[in-house]
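Here's the structure we're looking at; comments come further down.
Just so it is clear, none of the values below were taken in a lab; they were calculated from the coordinates. On a predicted model such as this, the values are computed, not experimentally measured, just so you know. Methodologically, a virtual Cβ is constructed for each residue, glycine included, from the backbone with ideal geometry; neighbour enumeration extends over all protein chains shown.
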Amino acid sequence: MNSSIGKEYYWDIANSTQMGRYLTTIEEDFISTYLKGDDQVKSILDVGGGSGRIAIPLNNKGYKIFVVEADPLPLLKLKSKKTELPAIYVGKSSKFFPFKSGTFDCILCLQVIDLAEESDWFFIECRRILKEQGTFIFSILNGNSYKGILRKWQLTREVVKGKYWKKKEYQKTLSEIQCNIKRAGFSLMQAKGYNWIPFTRSSNQWTIPLFAFLERIMGLNLLTSLSPWVILVAKKKGV
């Protein structure tokens, strides 16, 4: 038996918290609602799909899902869940997906783009493996938000202390990402803001459902330009 199976996978732990469940619910609802209105989507590639938190529910709804990961541990966790989802490991330094052009109807990419050194190549590669009029659903961490401003302030402090801050989150604004995605050959369709709650993903604060309720009734999801996280839908444009 592979000893890695017994290791804890951080994202499984984080996604089981109050905050993790809130974020997963937002993302699942957004994806499911959009896909219900697009009956052309049959095959889906989940980039950075982890141990299947999004892929498994979609597979259960009848979609053909393929998972790609840059970390072998979640793929082992996915396999241990007795699912038959096809999944492969792709190295973090790779700038190509091992699929033919025009393979998938839809690509999902949640909390992955911010980890890429440059998003331009990633968007272009996603466009390549999408079918014509294919759907691209992805999330970004918006640098033009209160969380982005706090993160940049933290970065400044670390630089002053002579430390190297490796995390890349919140380095780009929503408007910059929108320009990049259009330049890569996509048309933006929808966007929704979320994660205004002032806690980390691993938080189990009992007040999180209250914050989520306030976020919803105050319509903060509509303030995408200022939202800490944004989930978007784009369509592949014709040549």
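Couple of notes before you dig in:
- FRET efficiency estimate (nearest 0.05) - Cβ-Cβ, SER93 to GLU132, R0 45 angstrom: 0.90
- Under Karplus coefficients 6.51, -1.76 and 1.60, residue-wise ³J(HN,Hα) of the stretch 120-130 in Hz, glycine/proline x: 4, 4, 5, 5, 5, 5, 5, 4, 4, 8, 8
- Interchain or long-range residues, amide H under 5 Å from ILE65's placed H: ILE44
- Reach of LYS95 by Cα under 14 Å, taken over aspartates and glutamates that are not fewer than 8 positions away in the same chain: GLU69, GLU117, GLU118, ASP120, GLU125
- Label-point separation in nm, PHE213 to TYR10, each point 7 Å along Cα→Cβ: 3.2
- Size of charge dipole - the chain - debye, nearest 20, with Cβ of Lys, Arg +1 and Asp, Glu -1, no other charges: 320
- Each residue of the stretch 136-145 was assigned a 3J(HN,Hα) from its phi angle through the Karplus curve 6.51 cos²θ - 1.76 cosθ + 1.60 (θ = phi - 60°); the sequence is 10, 10, 8, 10, 9, 9, 7, x, 8, 9 Hz, with glycine and proline shown as x.
- In a fully extended conformation the segment linking SER101 and LYS237 would gain 47.5 nm over its present Cα-Cα distance, using 0.36 nm per residue.
- Shape box of the stretch 27-108 [Cα atoms, principal axes, largest first, Å]: 35, 30, 21
- Contact order for the chain, expressed relative to its length and based on alpha carbon pairs under 8 Å spaced 6+ residues apart, stands at 22 percent.
- Links that overshoot a 21 Å alpha carbon limit, given the list LYS64/LYS237; LYS131/LYS235; LYS79/LYS192: LYS64/LYS237; LYS79/LYS192
- Residue (of GLY50, TRP11, SER32) at the positive-pole extreme of the stretch 8-67, dipole from beta-carbon charges: SER32
- Cα extents of the stretch 3-236 along the three principal axes, largest first (Å): 45, 44, 42
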